[in-house]
Structure formats: structure tokens, C-alpha cells
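The values are calculated or read from the model by the stated rules, or taken from the named source; none is laboratory data. Everything numeric here is computed off the predicted structure, so don't read it as measured data. Virtual Cβ from ideal backbone geometry, glycine too; neighbours counted across all protein chains shown.
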């Protein structure tokens, strides 16, 4: 795969991801992860 | 045109369509109604393709023109649901499906007769729901197309790997898809994204916002099952988290069955396997991960947060693969890995992997708890920790009510009990035959 092709693929892939993973449920997952990390730090 | 502008057009089209079918039921051969339905679906389809901003070709005037379109939209007058019913072995009927044989171009098939049937209903509320369901289904099927595209770009990510493995297993393991339909990662993901889009098009709606969360939870926590033979040739049911099951089955398909076109269907699998149907060694995978991370860290055409997301996605996927290679590593291979990368680097890598897996496991447990927090419609909250011995009886007493709510979904008594039983059995790994 050429660098140009890799760049195009990355950009397209991110477009597909972004259009669906910045919503409420994604925030929920993010919050859960943050909480897990916070608990770990407390320990 | 911007996404917002397209969304405005979409909203107007959808509003017109929903209002029409709220006020008018479909009468046989009403060309105005048929044309409104087909035009709305085709327009939404086109606008959503444009919203992906990938330069995909689709001619609204010729949705069937697979030669010139990147994806086709087929309105079938017969055959779709007969085929589905045969496939699932029941009377299942559905609006349509995403079809891709991985040789020709993909297309979305919608059963026009079934769509119109739902719009013939007398009750206007039910008719409106059916009209909404048609739209939801189109968005759901479009998400399958996006999943398919995500698997084609070969960008390292756990999600893309999950979709690829699901597609591979669904294609080659008889009845796997049918038997795991409700838990299927690709289906839950498609429902989640359709819920989100649906909300955006129709405006805020509590139901779909909650549905969104539930599907996300299911995507991350669901279990798969399949039938196999044990060492004595006795049939057994195997149940496990979706990744465990699909990893095992994909390994079987690649290394044992040597399925020729499996890498056409799921090219990202070449990050885990070689084209000669062998598994990549630990050294190979670690080397590939390192060079990929090196490449990603030097990217200069993306903002930092996007770059970090790519790096995180890539690591997550490679950690899964490395873990699996460790499971069957020989002493000689391990020594080779240590010689190649140094003991400290490998210990550091293993620690990072353990951290990542622990976080993921905790996230899954948290999601399971969120999903299975049960409350009655009247608002009495009854938290249920399935694995911690809450009695079944307690649930039955509460189920004397008429309607039950499980994480924002309402069920009738029978369905509710089925769902609860299913949850409990899965949590305790009780297979279907012994329930």
C-alpha cells in the first residue's frame, strides 16, 4: 500500500468512525473508562 | 452542501412521508403512496451516502444501476422474505437486508410488499410506527454498508476486526449468524447507529436515546454460542464472549479449513494470519505493531486527538492478537522474542496488555450492570445482579404487573420472563438445551 493510499484509507476510516462514535453511548463508555482509571489511581 | 444542510432536507422529506402515512393508509395500487415511499427512501439513502463524505457514487434516478453506483438500492417485489424465512427456519419477516457477496458490488434489498403491508394498517399510531420502522431499517442496513467499508480500509482497530471476524464466521459457519442474530455484534452496532441517526432526523426522542445505550452495551458484552463435537464425538454447545468464540472459529477456518477467499472477505485478518493459512508468530505481530505505531506517531495530516485515537485503536487490536499468540507460544519462540525485543520491553508490553484487558473487563461488567438494572413501569427500581444470587422468585413476584421494563425497554410478561431467563442463563453459562 502506498503512503497516499494509507493516508486516504485512514481519513476515510476516521470519517466512518467519527460520524457514529461521538454520541451519547460513546460518552458513556468514555465515562466508564475514566471512572475505572480514577478508581485505579485511588487504590 | 454541508451535513447540516443535507440533514435539513432529510428532515423535511421524512416529515412529509410520516405525515402522509399517519393520515392515509395505503390502498392497493395507490401510485402516489408508492412513489412517496420509494422517493423518500431513495432520497434518505442518497443523503446519508453523501453525509459519509467518501465521494460514493449513487444515482437517485437509477438506484438499481450497480454498474455505475458504488452501492445499489433494490426494491424487491417478491422473494426477499421467502428467502429469509427459509434461512432462519421460521416465519421471520423483515424490511430488508444488506447483501454483499464480496465479489460483486454490495446492495441493500428492501421488500416492497412487506413495506406496503405495514402501511395498510387501520390504526394510525401503528401505521406511523411502521412507517418509522421502515426508515429505521433503511438506516440499519446502511450501517452494515459502513461496517463493510470499515473492514476494507484495513486500519487496525478492534471494531474493524470484530466486524471482519463476524462477517467471516457468518459466511462460513453454517447457521452461526441465524443462531446468534440477537447478540450479533454487527446487528447491535447497526441498531445503535440507526437509533442515533433516527434521533437526529426525527429530533430528540427518549426511547431512541435509551435504545442507543442498550445496543452499545450489548455490542460490548454479548456472548455467542455454537454447536460442536467434543473429543468423544458428543455434540456440545459452546458459549463465550463474542471475541473468544469468533477468534476460535476464525482460527479454525483459516488454519484448519484453509478457506481460500476468507482474506477477500476479511482482509484485516492478514494482520493476524499469513496468506499461507498459518498464524503469524509473536515476533512478527510485535514487529508489525511497532512499525505501525511508529508510522501512526509520525502522521502529520491529522489533529493530535485523532492520531491518539488511531494509536489507541491499533494497540487494542494488536494486544488481542499478541495475547492469542502467547496462548500457544513455545519455549523456543518465547526465547526468540526475548532475544529480539529484550526482556524489559516484553515485560512492559505484557503489563500494558494486562492493564488494557482489565479496563475492558471492568467496562464490560459495568455495562452489564447498566443493562440489567431492572425497574417496573411505576418506577420502583429493582437492581438485579444476576451473578450474585438474587432469587428468581423475587423477579417472578414483580412480574405480576402487566408491563415490565428492562433498561428502558417495555416487555409483556412472557417476553420479559424470556429475556430475564435468557440473561440469567447466559450469565451462568447455562447452554440452551439445559435451560
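Just a few scattered comments:
- Scanning segment B:196-205 for residues that are touching a residue at least 40 places away in the same chain (Cβ under 8 Å) and either over 18 Å from residue B:128 (Cα atoms) or within 14 Å of another protein chain (Cβ to nearest Cβ) (or both) yields B:197, B:198, B:200, B:201.
- Considering segment A:4-13, and only residues there that are in contact with a helix residue (DSSP H, G or I) (Cβ under 9 Å, 6 or more places away or on another chain) and surrounded by fewer than 18 Cβ atoms within 10 Å (Cβ to Cβ), the residue that is nearest to the other protein chains (Cβ to nearest Cβ) turns out to be A:9.
- Scanning segment B:301-360 for residues that are within 13 Å of chain A (Cβ to nearest Cβ), touching a residue at least 12 places away in the same chain (Cβ under 8 Å) and surrounded by fewer than 15 Cβ atoms within 10 Å (Cβ to Cβ) yields a single hit, B:357.
- Of all the listed residues (B:62, B:46, B:31), the sole one being under 25 Å from the mean Cα position of the chain (by Cα), free of Cβ contacts under 8 Å to residues at least 40 places away in the same chain and more than 14 Å from chain A (Cβ to nearest Cβ) is B:46.
- Residue B:146, sole failed condition from (1) under 30 Å from residue B:20 (Cβ atoms); (2) touching a strand residue (DSSP E or B) at 6+ places or on another chain (Cβ under 9 Å); (3) within 14 Å of another protein chain (Cβ to nearest Cβ): (2)
- Matching residues in segment B:305-344 - criterion: being more than 23 Å from residue B:355 (Cα to Cα) and part of a helix (DSSP H, G or I): B:331, B:332, B:333, B:335, B:336, B:339, B:340
- When B:13, B:8 are checked against the criterion of being free of Cβ contacts under 8 Å to residues at least 24 places away in the same chain and closer than 30 Å to residue A:12 by Cα, a single residue qualifies: B:8.
- The one condition in (1) surrounded by 16 or more Cβ atoms within 10 Å (Cβ to Cβ); (2) at pLDDT below 95; (3) away from every other protein chain (no Cβ under 11 Å); (4) part of a helix (DSSP H, G or I) that residue B:285 fails to fulfil: (2)
- If you go through segment B:146-167 and keep only what is touching a residue at least 60 places away in the same chain (Cβ under 8 Å) and closer than 17 Å to residue B:264 by Cβ, you end up with B:149, B:151, B:152, B:154, B:160, B:161, B:164, B:165, B:166, B:167.
- Identity of the residue in segment B:163-186, buried (at least 21 other Cβ atoms within 10 Å of the Cβ) and under 13 Å from residue B:265 (Cα atoms), that ends up nearest to the other protein chains (Cβ to nearest Cβ): B:163
- Among the residues of segment B:174-194, those that are under 11 Å from the mean Cα position of the chain (by Cα) and either in the same structural domain as residue B:139 (by TED's automatic domain parsing) or over 19 Å from residue B:151 (Cβ atoms) (or both) comprise B:181, B:182, B:183.
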